[in-house]
Amino acid sequence: MSMDFGQIRRSEHLPARIAAQIAGDIQEGRLQPGDKLPTEHFLSKALGVSRSVVREAIAQLRNEGLVETRQGVGAFVTERQARLIRIDDGKLLESEGFRDLFQLRIPLEIEAAGLAALHHTSDDLAKIDASLALMTGSERWTSEGINADLAFHRAVADATGNDYFAMFIGFIAERISLAINAARARAVLEEIVEVTIEEHVAVRDAIAKRDPQASRTAMRNHLLGAASRIELTLEVF
């Protein structure tokens with residue numbers, strides 16, 4: 001195996017940067033399934049960081065399914081079929097990469113809204129309402145409003161009763177905050193927040209009425225509105 005250990009740039013979040021570097025070696029075949037990663041001591045010396053930073057990076061890779069750790073032995077590259085999804089967050093800073101992720105969001109969340117209308121429980125609706133209440137309260141002007149927006153979409157995904165929708169949409173939601181911040185930066189904050197709230201209310205009301213078609217339409221309108229606010233051109237049919 002071959003790994004290029006250069007000094008990690010201090011301006012970046014170190015564990016994430018190290019995890020991305022090792023993940024690249026795995027995905028490009030420089031590290032093969034079954035290969036053992038170098039020790040924490042070796043990595044910390046080679047990369048010029050502390051062992052705790054290396055440990056956090058390995059934990060991130062383990063959470064993403066790229067490596068498995070064996071007590072007292074070390075970390076090993078997993079077989080491909082055992083791996084979870086991984087997105088290079090750096091690519092989301094590029095317009096094409098971010099657009100592609102947002103394009104994926106469209107069919108997933110539209111379908112999730114329809115399924116949520118059919119399958120939601122009273123607890124699911126309470127979670128949707130709780131996130132909407134945060135979005136419409138005084139926190140709507142702050143980062144807490146953005147967190148509430150993301151929580152709303154996760155709650156809708158949970159309400160489908162399908163763990164895979166919750167997994168994929170939750171994964172995307174963690175990265176889609178870039179879109180919300182961009183939208184707020186490009187418009188008058190009061191206008192953008194109020195429009196966004198109206199769109200979310202329409203989704204919530206359609207789900208509460210157990211109307212799958214209206215829920216899908218409301219979610220479609222919201223996502224296309226969100227895309228237009230950050231000047232994204234998507235392919236929709």
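Just so it is clear, none of the values below were taken in a lab; they were calculated from the coordinates. Quick caveat: nothing in here was measured; it's all calculated off a predicted structure. Positions of Cβ are generated from backbone atoms using ideal geometry, with glycine treated the same way; all protein chains shown enter the neighbour counts.
With the crude spin-label approximation of a point 7 Å out along Cα→Cβ, what separation in nm comes out for His119 versus Asp205?
Here the answer is 2.6 nm between the modelled labels.
At 0.36 nm per residue, and after removing the present C-alpha to C-alpha distance, how many nm does the segment from Leu232 to Gln27 gain when stretched out fully? Display every interim value, and only then the final one.
Values: separation 205, 0.36 × 205 = 73.80 nm, distance 2.91 nm.
Computed gain between Leu232 and Gln27 is 70.9 nm.
So if each residue of separation counts as 0.36 nm, and I subtract the Cα-Cα distance between Leu224 and Tyr164, what length gain in nm does that give?
19.3 nm
What order do you get for Ile128, Ile207, Ile230 when you list them from fewest to most C-beta neighbours inside 10 Å?
Ranking Ile128, Ile207, Ile230 by Cβ neighbours within 10 Å, fewest first, gives Ile230, Ile128, Ile207.
Report the gain in length on full extension from Glu64 to Arg99: 0.36 nm times residue separation, minus Cα-Cα distance, nm rounded to one decimal.
The span from Glu64 to Arg99 would gain 10.3 nm if fully extended.
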